[in-house]
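The values are calculated or read from the model by the stated rules, or taken from the named source; none is laboratory data. As the structure is a computational prediction, the values presented were derived from the model and not from experiment. Backbone-built Cβ (ideal geometry, glycine too); neighbour counts: all protein chains shown. Side chains included, ligands, DNA and RNA excluded: accessible areas come from the protein's heavy atoms. Shrake-Rupley method; radii C 1.70, N 1.55, O 1.52, S 1.80 Å.
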Amino acid sequence: TFAGGRADSLAIVMRHSVRGPIPLDPDRRDVPLLPAGVSLCEELGTRCRLRPARVFSSPMLRCTDTARHFLQAGPPDAPTVESSTELGAPGAYVADPAAGWRDYVRWRKRELVRVLYARPSELEGYRAQAEGVQRLATLLLPAAGPALTFAFSHDILMSATLSRLAD
């Protein structure tokens, strides 16, 4: 279950837009959006009529760029984007960033989510899924008042969360 927050609150979590390849060098993994990614953000933003009460983004450039371009083209009077390391760099599931990066390089993202779900003891740098989901719920679903939250993150975080919620 996605515990925490109020039943009348909603969090919409979006993956960053189109980016180039991520090098295996951890010091160079903060890649920007490609021009096609910027265009997609702006197109989606112009179609969005929802006004969020809060907006969060992973501090990674591809996520902050996605949020910025989406909101510039999108709903008027959107709040300022707040950076949160729960959404990435390192993320709600990562307990030890150095070990988490080694796990990522070893398993790559699709297999990493499978291992996190089915064989978490094989991962050195990650928290249990239940703890990661709870950390996200605490960030994204406010304890008071109805609220719509937008969050911009990474596919690996979204996949890990959805696989847990589908259980």
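Each residue in region 133-155 was checked for being part of a helix (DSSP H, G or I) and either at pLDDT 95 or above or open to solvent by 20 Å² or more (accessible area, probe 1.4 Å) (or both), and 5 of them qualify.
A residue that is more than 30 Å from Ala144 (Cβ to Cβ), open to solvent by 70 Å² or more (accessible area, probe 1.4 Å) and among the hydrophobic types (A, V, I, L, M, F, W, C) can be found somewhere in region 37-55. Every listed requirement among (1) open to solvent by less than 40 Å² (accessible area, probe 1.4 Å); (2) of a type outside the set (D, E, K, R); (3) without any contact (Cβ under 8 Å) to a residue 24 or more places away in the chain; (4) assigned to a loop (DSSP other than H, G, I, E, B) is met by Pro90 save one, (1). Between Thr80, Thr85, Thr1, Thr66, the distinction of being at pLDDT 90 or above, of a type in the set (Ser, Thr, Tyr) and more than 16 Å from the chain's Cα centre (by Cα) belongs to Thr80 only. Looking only at residues of region 114-132 that are in a helix (DSSP H, G or I) and of a type in the set (D, E, K, R), we find that the one that is nearest to Ala95 (Cα to Cα) is Glu131. Scanning region 21-63 for residues that are modelled with pLDDT under 95, farther than 22 Å from Pro97 by Cα and in a loop (DSSP other than H, G, I, E, B) yields a total of 6.
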